[in-house]
Amino acid sequence: EYPRNGDQYFPFRQNSDFFYLTGIDQENSALLMYKNADGSVFSCKLFIKKTDKTQEIWFGKKLHAEDAYNISGIKEVFWIDDFDHHLIDSLDKIKNVYIWQNEYAKFETEVPYDNLRKSNELMKEYPKLNFLRLFPVMEKLRIIKSAEELEMMRKAVAITKNAYLRVLKKLKPGMKEYEVEADIMSGLARFNIVGLPDNAVQESKYRVKSAIKNSALALPRGTINVNLAPADLKKQGPSYDLPIALSILSAYKQFKFSDSYQTGVFIGELALDGHLRAVNGTLSVALMVRERGIKRLFLPVENAAEAGLIEAIEIYPVGNLSQLIKHLTGELLIEPYQPKEKVSLEGENIYQFNMAHIRGQEQVKRALEIAAAGGHNILMSGPPGSGKTLLARTMPSILPEMVLDESLEVTKIYSVAGLLPSGQPLITSRPFRSPHHTASAISLVGGGSWPRPGEISLAHHGVLFLDEFPEFPRAVLNNLRQPLEDGVIHISRASGTLEFPAKFILLAAMNPCPCGHYADPYKNCICTQNQVLNYQNRISGPMMDRIDIHIEVPAVEVDKLAGIKTGESSADIRLRVNAARARQIERFKTQKIFTNSQMSSEMVRRICELNSSTQELLKNAVSQLHLSARGYYRIIKLARTIADLAGETQIKIEHVAEALQYRAKVE
């Protein structure tokens, strides 16, 4: 045993050559074999650690001389303290000394180990003796296998074969191994957790020990080693508390667990009294359990409704550790969770703002309707007080209803981030995120030492509203370019790479200049031309090219503000948006997308056919407006959405003409 620190040791592993010769698997052991120089007498002596009753209480039972003889067959057994005396006595009777040293290619050390130090001392003290290497002798000897060894090897091969076949039956593409295992060894009372645990997982040893004790269960004595597999993946959070506790109790063999233990997945944070607390990411765990064909999932009571959204698996809500032990031993079974009602997205969402309360701005409302229907990005530009922020905050009221797959994707993200509202297992309304312009790049796109979803992922299948668009740092905005194109964000760290979904509508608002009155017919702009250009150039060209709809929001005339006539309500607009979105869902039912804005260029060519006159108009526009290839396809996708709102199956020339009006003006 070698010390790890002041009160811990590395796990002991016997030297394989020594074990081959003796069968002794105990630290501080030695073997001495020699013949007299004339070959008349052969001696074989085994040396073991001296036993002590007091030490056995703390470190566990050690071998006595009789035990060592029964295992090794060596009659002469001595305490290790007598080794030097017998060694020196034998050196007077021999000519050659064979010493074992670690000569394996992977072993390298600059610090002399015990055998090396001992051999160096003997060479200096007995220069007339021939000191030779034992390693080549053992290497040749171990090639020769006895009948017992061959039988043992056959059994080992059979076990390995069966293990591989069992694993291969369960394997699927992309599957990884996640397992918690425990081992209990004799020795000092220590609790070690390995497998790249973070601080929360390391601290679980205190929660687990208290929970076991306060649940009237026996905590094993000795050294407890817990391994979290796979060892190269960092483990985070308190969800490991319950599986760690169960693995320890299973290794202790205090209980005989039922098949539920072998065919189930366990997650949960333990309180000191043994009760289970809710954890994050339960929906993702439940989906993983179903994908891998696992039958049962045991989790805290508070998480049962969330996991119950997934069908084809049994959900067992656990209140405390004692209750779970009684279930696994068959003493008192836990009833599987039964949802009170089937998953439904129907129901009236209550919105704070309504389009009917906004006077004027009919053209902007039309642009927002198109953006909501097809999932298109939109930029509003206008003077202060023209209603940009109010229009943006009203947009959720016209967004289409989510389908179940969209709702589950959003719920997974919020569950992992720990933002799932209490008592609401399923998010049924589309997210609306509005970060401040001082937000950092990491808060926007996600990240951290262990990456977490950012605002763009929290806005998945919803709206990301960036007010005061040019006030965001240019580098922060440029981080949005790849997610806007691909619908995902890849975050790479030294520990690995994670992918978060990020299919959102970018809704941005800005003033045309620093003072806000550039090109205002009623107020004079006090900015110089350079100030205006510098302000507008804070947004890069590639970023502007990814925005489908550019709309000006003029100041509202006083007659409209004072009028009593209300505009069209959000509910009426939403009916048209829902109808358009339903057409898109039907169109893409065999694809993994939901909206026109998510179409690839190949899909645009295949799905969005244009007649000759429409094609000619588009060609002229591309030539005059100097549109990029991206801009060309975005116009067609926008025209497809306008056609869906009109209930048309074919894109017509008026749909393309309206789509062209929303492109950024080139000055």
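Some observations on this one:
- Surface/4 estimate of mean projected area, convex hull on alpha-carbon atoms of the chain, nm²: 43.8
- Here the spin labels are modelled as points 7 Å beyond Cα on the Cα-Cβ line, and at Phe59 and Lys340 they lie 6.1 nm apart.
- Simple rule: put +1 on each Lys or Arg Cβ and -1 on each Asp or Glu Cβ in the chain, find the dipole, and look at Leu408, Ala580, Asn130; the Cα lying farthest toward the positive end is Ala580.
- The chain, dipole about Cα centre (Lys/Arg Cβ +1, Asp/Glu Cβ -1), debye to the nearest 20: 800
- Highest average first, the peptides 611-620, 540-549, 349-358 ordered by how many other beta carbon atoms sit within 10 Å of their residues are 540-549, 349-358, 611-620.
- Distance between the 7 Å Cα→Cβ label points at Asn36 and Glu557: 12.7 nm.
- Assuming charge only on the beta carbon of Lys and Arg (+1) and of Asp and Glu (-1), the dipole of the stretch 176-328 about its Cα centre is about 500 debye to the nearest 20.
- The stretch 384-487: C-alpha gyration tensor shape, a/c 1.5 cut-off, then a/b vs b/c: oblate
- Positive end of the dipole of the stretch 356-572 (Cβ unit charges, origin at the Cα centre): among Ala459, Ala367, Leu444, the Cα lying farthest that way belongs to Leu444.
- Among 196-205, 503-512, sorting by the average number of other beta carbon atoms lying within 10 angstrom of each residue, highest first, gives 503-512, 196-205.
- Residue-by-residue Karplus 3J(HN,Hα) for the stretch 48-58, coefficients 6.51, -1.76, 1.60, Hz, glycine and proline x: 10, 5, 5, 7, 8, 4, 5, 5, 5, 5, 8
- Counting neighbouring Cβ atoms within 10 Å and putting the fewest first, the residues Glu658, Glu76 line up as Glu76, Glu658.
- Dimensionless Rg ratio for the stretch 356-572, taking C-alpha atoms and the 2.2 N^0.38 Å reference: 1.09
- Pairs of Lys residues in the stretch 43-99 that lie 8 or more places apart, or on two chains, and have C-alpha atoms under 30 angstrom apart add up to 22.
- Based on every Cα atom in the stretch 215-335, Rg and the maximum pairwise Cα distance Dmax equal 14.0, 42 Å.
- Neighbourhood charge, 14 Å Cβ-Cβ cut-off, centred on Asp82 and excluding it, Lys, Arg +1 and Asp, Glu -1: -1
- Taking a sphere under 15 Å around the Cβ of Ile456 and counting the other residues whose Cβ falls inside, with K and R at +1 and D and E at -1, yields a net charge of +1.
- Each of Ser322, Ser457 has some number of other Cβ atoms within 10 Å of its Cβ, and from fewest to most they run Ser322, Ser457.
- Cα centroid of the stretch 455-507 to Cα centroid of the stretch 354-429, whole Å: 16
- Counting only whole DSSP H helices of the chain, the ones at least 20 Å long by C-alpha along their axis and with mean Kyte-Doolittle hydropathy no lower than -1.0 are 147-170, 570-587, 629-645.
- Taken along its three principal axes, the alpha carbon spread of the stretch 3-143 comes to 47, 37, 34 Å, from the longest extent down to the shortest.
- According to the Kirkwood relation over distinct C-alpha pairs, the hydrodynamic radius of the stretch 543-667 is 16.2 Å.
- Our helix-only sum for the chain, with -39,500 (n - 2.57) per DSSP H run of n ≥ 4 divided by its residues, gives a mean residue ellipticity at 222 nm of -11500 deg cm²/dmol.
- For Asp259, the shell of other residues with beta-carbons less than 12 Å away shows a net charge of +3, using +1 for Lys and Arg and -1 for Asp and Glu.
- Exposure proxy ranking, count of Cβ atoms within 10 Å, fewest first, for Met152, Met603: Met152, Met603
FYI, it's all coordinate maths here, none of it is from the lab. Here the structure is a predicted model, which is why all the values come from computation and not from measurement. Because the Cβ atoms are built from the backbone with ideal geometry, glycine has one as well, and the counts that use them run over all protein chains shown.
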